Amino acid sequence: MIRNQFSIAFHITAIYAVVSILWITLSDYFLNYFIANQMLAQNTAMFKGWFFVVITAMLLYKLIHKHMKLQLESEGNLQKKNQEVMTTYEELLANEEELQQQFDELLNREEQITRQNECLNALHEATLMLVQEFKVDNFFKTLVNKMMAITGAHYGYIYLLDDQGTQMEPNIAVGFQIEHIKKSVLPGQGIIGKVWQSGNTLVINNYHEWEDRLREPIYSLLRTGIGLPLKVEGKVIGVFSMNYMVEHIFDKEELQMLDSIAELASVALGNIMLYETLQATRNRNQALIEAMPDAIFQLDQQGILLDYKQGRDFQWLLPMDGKVGKKIDTFFSPPEAQILMSSIANALSTGVTQLFTYKHVQQDTAYYREVRINACGSKEVIAIVRDITRRTEVEGKLHYLALHDKVTELYNRAYFEEKLQQLTDSGQVPIGIIMCDIDGLKLINDTFGHQAGDNLLASAAKIIKQCSSGVGEVARVGGDEFAIIIENRDRGQIEEICDCIREGVNQFRETNIQIPMSISLGLSIRTHPQQSMYDVCKAADDNMYRQKLHSSQSVRSSMVQTLGKALEARDFVTGGHAERLQHLTVELAIAVGLRDNRLSDLRLFGHFHDIGKVGIPDEILFKPGRLTADEFEIMKRHCEIGYRIAQSSSDLAPIADWILKHQEWWNGQGYPLGIKGEEIPLPCRILAIVDAYDAMTNDRPYREAMHHEAAIAELDRCAGTQFDPSLVGLFKQLVIQDENFN
């Protein structure tokens, strides 16, 4: 403004100076030029001076007035503009404050966004690690470390629900040593238990004063704690917790951020659990596929091979190299390929598993295959091909065994009864049935063992089968019974078969003297279509038992005699041994005062007391050295075997009890019953002394005979232990008197 005023003053002064100079110069020039009178010139000069003053005063006034007016207008405008500027300035100040507030808000928001970005980056980093390794422990460890760094927490850990769902167990711990923190948390215990129980985020300030805090000493350092639930499908399966050793105030944005992180971590945990479940399922399915013995083919609806896996236990018979993309008729024969294409169409249209089997012959070897077709989507199927060759063979064997007897390889009772029903329903006549029963099979089993009995059964089956070959079907219908079904033959032809069997048995007995064979036979014939074959079978069975009753005693006696001869043929001590025993036992019995009516039984006892040895294996019976404990246990069985043999014969039945007890000792240390003293029958005590003396004084393959004196001395030594001492004294006198035995 001062500069403006100076400019106006300078402007007026300049005008005044210019006007003054021009007036003085021009007025003096014109005055001198027009007025020559000096007085007039002086008056005119005075008038000119006052006129100049008036004119200049008026001019100055005009100029000053004009400029003052302009100045006033300028000052008014300037004041107005100044007011406008002040208003604008105030507005600018207000805007500046608003901008500062917005700037502060932006800074705060930027800080929040930075923190969120850090959280997201941490989660992203953890997720990348999870994607790369898919290890939940590494994921949680990275997440906990990043969240602690962002929020300034001193401790952080994650607890996960155990497999039973009964407690929370630590998975990751940072700051604490995991072995120092609580190993398990139940619902309601500490922050972990409270969050698990409620399912909501929990913030605890002044943790050290919180009544529900964990009481372990390590937690006494904590001042603030937060727990965030990790949920999968709405269920809490874990808790993420952080603790601070100083007071920490969580604002709304930080809590929202942590809740968001917990939600994202829950999603990741859910994905991990799903992945682990899928991985376990995949591994289990892969293990099942690898363990499957089957070949697996993936085919489309046109029968084109998309993929395949060779079977574990069998290789595909045709080479599969280059077969992917080819039709099934390149690795299936035309008949199987046609069935397979039909099964593919049915599986895709119905969704029902298709199953068929086929037989493949290669190099004269038959292979059996089972094919299962399952739809896989709308245009593909899975064909599972299993090698069932072994199963088919086993089924064939099982079917054979179901209808055949294992010992004789004849048909069994199941087949026989099924055949009877078929023949009953057919009404066919004539049909004959021959029932055969092996006599004394139990005696053979008890004497020689079941293997010998099985051999006898097989021999009998061979004879029966040979005699009925081409005309009848033979079945073993019981332990010792056989049945022959003969169709379209008259009675004479059927009786010829019976005669053939009898002749075969006689020939067998002539060549096999050790184990006797006898077969009882009975027959019956169906002559009317209405007659049941079961009735025919019963009639044949009755006829067979009738014959068996008529001949049973003679058969048993014959078998016992045969067994006795078999013992003589095997036993090296029987040369004169039986006669010597009979003589001495009778002499000693007479000396003791035994009644005459028992002497005949005593002679029989002396001859057959060791008949049970026919059931002892040769390698034990003829062993030159000492028997082992197991071998001796087998040898001891000859008493029981002899007892059963004697029980089966009316001739030997009176001495059966003596045969059982003839190895008992006076002191009770014998076998098989362990009886002692006079509990042992007198004939057994007599035979024990006589048999021992004769054995010692005669040669054996493993030693020479002892002298008479040495044998007597041995009897004296064993008197009271093995032998009846009173009988030993009588026997010594008897031997001394009888010169034949010196």
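Please find, within segment 706-728, the residue that is surrounded by the most Cβ atoms within 10 Å (Cβ to Cβ) out of those that are in a loop (DSSP other than H, G, I, E, B) and in contact with a helix residue (DSSP H, G or I) (Cβ under 6 Å, 6 or more places away or on another chain).
My answer is D724.
Scanning segment 671-683 for residues that are surrounded by fewer than 22 Cβ atoms within 10 Å (Cβ to Cβ) and not β-branched (V, I, T) turns up Y671, P672, L673, G674, K676, G677, E678, E679, P681, L682. Applying the condition of being surrounded by 15 or more Cβ atoms within 10 Å (Cβ to Cβ) and assigned to a loop (DSSP other than H, G, I, E, B) to segment 684-705 and asking which residue is modelled with the lowest pLDDT yields N698. Residues that are among the β-branched types (V, I, T) and in contact (Cβ under 8 Å) with a residue 24 or more places away in the chain are absent from segment 620-630.
Assigned to a strand (DSSP E or B) and either in contact with a strand residue (DSSP E or B) (Cβ under 7 Å, 6 or more places away or on another chain) or in contact (Cβ under 8 Å) with a residue 60 or more places away in the chain (or both): does that describe I191? Before the answer, list the steps.
Working: assigned to a strand (DSSP E or B): no; either in contact with a strand residue (DSSP E or B) (Cβ under 7 Å, 6 or more places away or on another chain) or in contact (Cβ under 8 Å) with a residue 60 or more places away in the chain (or both): yes.
Spelling it out, it is not the case that I191 is assigned to a strand (DSSP E or B) and either in contact with a strand residue (DSSP E or B) (Cβ under 7 Å, 6 or more places away or on another chain) or in contact (Cβ under 8 Å) with a residue 60 or more places away in the chain (or both).
Just one of the listed residues (R476, R526, R489) is closer than 29 Å to L443 by Cβ, surrounded by 13 or more Cβ atoms within 10 Å (Cβ to Cβ) and of a type in the set (K, R), namely R476. Being at pLDDT 90 or above, loosely packed, with under 12 Cβ neighbours inside 10 Å, over 26 Å from the mean Cα position of the chain (by Cα) and acidic (D, E) is a property that D425 has.
Within segment 301-325, work out how many residues are within 32 Å of the chain's Cα centre (by Cα), at pLDDT 70 or above and among the basic types (K, R). Adding up the residues that qualify gives 1. Looking only at residues of segment 124-157 that are exposed (fewer than 14 other Cβ atoms within 10 Å of the Cβ), modelled with pLDDT of 65 or more and in a helix (DSSP H, G or I), we find that the one that is farthest from the chain's Cα centre (by Cα) is A149. Where strands (runs of 3 or more DSSP E) sit wholly within segment 378-476, those with at least 3 residues that are outside the structural domain of T353 (by TED's automatic domain parsing) occupy 431-438, 472-476.
When Y534 is tested against (1) exposed (fewer than 15 other Cβ atoms within 10 Å of the Cβ); (2) at pLDDT 90 or above; (3) outside any helix (DSSP H, G or I); (4) touching a helix residue (DSSP H, G or I) at 6+ places or on another chain (Cβ under 8 Å), exactly one condition is not met: (3). Of note, P516 satisfies the criterion of being in contact with a Ser or Thr (Cβ under 9 Å, 6 or more places away or on another chain), surrounded by 20 or more Cβ atoms within 10 Å (Cβ to Cβ) and at pLDDT 65 or above. State which residue is surrounded by the most Cβ atoms within 10 Å (Cβ to Cβ) when the search covers only segment 290-311 and only residues that are of a type in the set (G, A, S) and under 14 Å from K323 (Cβ atoms). Among them, the one singled out is A295.
The set of residues in segment 644-670 that are buried (at least 18 other Cβ atoms within 10 Å of the Cβ), modelled with pLDDT of 90 or more and not aliphatic (A, V, I, L, M) comprises W658, K661, H662, Q663, E664, W665, W666, G670. Being more than 45 Å from the chain's Cα centre (by Cα) and under 17 Å from G156 (Cβ atoms) is the filter; apply it to segment 178-212 and report the residue that is surrounded by the fewest Cβ atoms within 10 Å (Cβ to Cβ). Here the answer is V203.
In the set (1) in contact with a helix residue (DSSP H, G or I) (Cβ under 8 Å, 6 or more places away or on another chain); (2) of a type in the set (V, I, T); (3) touching a residue at least 24 places away in the same chain (Cβ under 8 Å), the condition left unmet by T142 is number (3). Number of residues in segment 614-641 that are assigned to a helix (DSSP H, G or I) and either modelled with pLDDT of 85 or more or surrounded by fewer than 16 Cβ atoms within 10 Å (Cβ to Cβ) (or both): the value is 14.
The values are calculated or read from the model by the stated rules, or taken from the named source; none is laboratory data. Please read all numbers here as calculations on a predicted model, not as lab measurements. Note: ideal-geometry Cβ built from the backbone for every residue, glycine included; neighbour counts use all protein chains shown.
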